[in-house]
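Below is one structure; the comments refer to it alone.
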Amino acid sequence: MSGITTESELEMIHLQLDRDIEERLEALGATSDTSKVALAKETLLSALKDDTRDLKLAEERLAKPGRRWSQEELERELDLVD
């Protein structure tokens with residue numbers, strides 16, 4: 001893999017963004033000297049990586065079930081209950 005992307009490997013999508021999101025992208029782009037497209041792509045890739053990581057963790061836990069604690073149990077165990 002050379003790291004070079006050819007035009008035939010690219011896929012274009014069209015997104016309709018709420019005005020608030022577009023304004024946030026514009027503001028961030030202006031402060032970081034990055035285009036809105038680059039920021040949107042970076043954000044999308046980051047979200048996909050997070051989802052992939054979450055899915056892998058869930059699959060590992062299903063494959064190796066073990067003790068699970070509820071939030072209430074953890075709070076009691078750690079003496080965090082008022």
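The values are calculated or read from the model by the stated rules, or taken from the named source; none is laboratory data. Keep in mind that what you see is a predicted model, and the values were worked out from it rather than measured. Glycine also receives a Cβ, built like all others from the backbone with ideal geometry; neighbour counts cover every protein chain displayed.
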*Across the range 3-36, what is the number of residues that are in a loop (DSSP other than H, G, I, E, B), loosely packed, with under 11 Cβ neighbours inside 10 Å and of a type in the set (Ser, Thr, Tyr)?*
2
*Just wondering, is there one or more residues in the range 52-65 that are among the polar types (S, T, N, Q) and modelled with pLDDT under 90?*
no
